[in-house]
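Quick notes on the structure that follows.
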Amino acid sequence: MRAADLDYRLSVSPLELVSSENAFRPFAEQVRKDVERLLGEPRHLDDASMLKTLLSSRVHLAHHFRDDEKAVATAAWIRSLQGDPAERAFAGLTTFAAVNARKLKPGREPADAEYRAAFAAEFAKLLAALPRTPEIAAVLKRQRAKIAEISEAGLLTEARELIAPAIARRGSCGLAEADQLVRVRHRLVSILPLRDEMLAAFDTAIAERSSR
């Protein structure tokens with residue numbers, strides 16, 4: 001299989017795809033199968049850009065399908081590829097916290113109050129364990145800014161005004177566009193509900209490192 005040959009025929013618009021679980025799930029199942037097949041071919045492991053895209057889709061889809069073992073393993077893989085020590089220290093923590101929260105509150109969705117509380121506690125614990133260095137503080141500030149920018153309106157606008165035109169120009173939905181759609185769906189259903197908890201945890205962790 002060649003990544004360039006992948007062509008996902010969408011039965012709905014990109015906006016509807018990221019907004020509807022019924023529309024997204026069969027698409028996600030196909031992308032998941034293709035990602036696993038591509039990761040099984042050594043040539044793709046030697047292509048840094050391709051590997052980044054494949055691992056991005058894989059970790060987001062693992063969360064979607066509640067495949068906790070694969071989510072953790074993929075987050076650890078992504079972490080191992082980080083060249084900057086501070087970025088590497090932070091990489092994967094959101095996934096680790098989410099998986100821990102799911103184990104503590106099985107069956108709960110990210111929007112559920114009990115899950116959010118469990119996630120907040122786990123995420124705060126992981127951030128507190130990071131080194132108290134200026135480099136880590138800088139990473140936390142950058143990550144906080146990314147989370148602060150996330151909104152439902154912004155994510156839906158991305159699907160409608162950025163991803164949909166790219167698919168139209170290409171004439172089909174390829175792997176790059178599929179990864180973007182998967183990422184938007186993940187942020188809508190798994191990250192956005194935790195936005196306030198993440199911001200609060202970041203604020204505490206940044207303050208702890210700013211006092212030194």
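The values are calculated or read from the model by the stated rules, or taken from the named source; none is laboratory data. What you are looking at is a predicted structure, and each value in this text was computed from that prediction instead of being measured. Reconstructed Cβ throughout: ideal geometry from the backbone, glycine too, with neighbour counts over all protein chains shown.
Filter the range 11-33 down to the residues that are under 19 Å from the mean Cα position of the chain (by Cα) and more than 16 Å from Arg183 (Cα to Cα) and list them by number.
Lys33
Please return the ranges of helices (runs of 4 or more DSSP H) entirely within the range 129-204 where 2 or more residues are under 20 Å from Phe27 (Cβ atoms).
Where helices (runs of 4 or more DSSP H) fall fully within the range 129-204 and carry at least 2 residues being under 20 Å from Phe27 (Cβ atoms), they are 152-157, 164-170, 175-186.
Within the range 38-79, restricting attention to residues that are of a type in the set (D, E, K, R) and part of a helix (DSSP H, G or I), which residue is modelled with the lowest pLDDT?
This residue is Arg43.
Among the listed residues Val35, Val12, Val18, identify the single one that is in a loop (DSSP other than H, G, I, E, B) and surrounded by 12 or more Cβ atoms within 10 Å (Cβ to Cβ).
Only one candidate qualifies: Val12.
List pairs: first residue in the range 70-97 and under 14 Å from His60 (Cβ atoms) and of a type in the set (Lys, Arg), second residue modelled with pLDDT of 95 or more and assigned to a helix (DSSP H, G or I) anywhere in the structure, Cβ distance under 9 angstrom, at least six positions apart or on different chains.
Listed pairs, sorted by first residue: Lys70/Arg58; Lys70/Val59; Lys70/Leu61; Lys70/Ala62.
Check whether at least one residue in the range 63-76 is closer than 18 Å to Ala176 by Cα and surrounded by 14 or more Cβ atoms within 10 Å (Cβ to Cβ), and report yes or no.
Checked the range 63-76: no residue is closer than 18 Å to Ala176 by Cα and surrounded by 14 or more Cβ atoms within 10 Å (Cβ to Cβ).
Please verify whether Lys103 is part of a helix (DSSP H, G or I), surrounded by fewer than 18 Cβ atoms within 10 Å (Cβ to Cβ) and under 13 Å from the mean Cα position of the chain (by Cα), treating the condition exactly as stated.
no
Looking at the range 109-133, I want the residues that are surrounded by 13 or more Cβ atoms within 10 Å (Cβ to Cβ) and have a partner that is acidic (Asp, Glu) and modelled with pLDDT under 95 with Cβ atoms under 9 Å, at least 6 apart or on another chain. Which pairs are those?
Close Cβ pairs satisfying both conditions: Tyr115/Glu109; Leu127/Glu208; Arg132/Glu208.
When residues of the range 142-174 are filtered for being under 18 Å from the mean Cα position of the chain (by Cα), surrounded by fewer than 16 Cβ atoms within 10 Å (Cβ to Cβ), charged (D, E, K, R) and over 12 Å from Leu188 (Cα atoms), how many remain?
Of the residues in the range 142-174, 3 are under 18 Å from the mean Cα position of the chain (by Cα), surrounded by fewer than 16 Cβ atoms within 10 Å (Cβ to Cβ), charged (D, E, K, R) and over 12 Å from Leu188 (Cα atoms).
Just checking, does the range 180-202 include any residue being in contact with a helix residue (DSSP H, G or I) (Cβ under 8 Å, 6 or more places away or on another chain), free of Cβ contacts under 8 Å to residues at least 24 places away in the same chain and closer than 30 Å to Arg2 by Cα?
Yes, the range 180-202 has at least one match.
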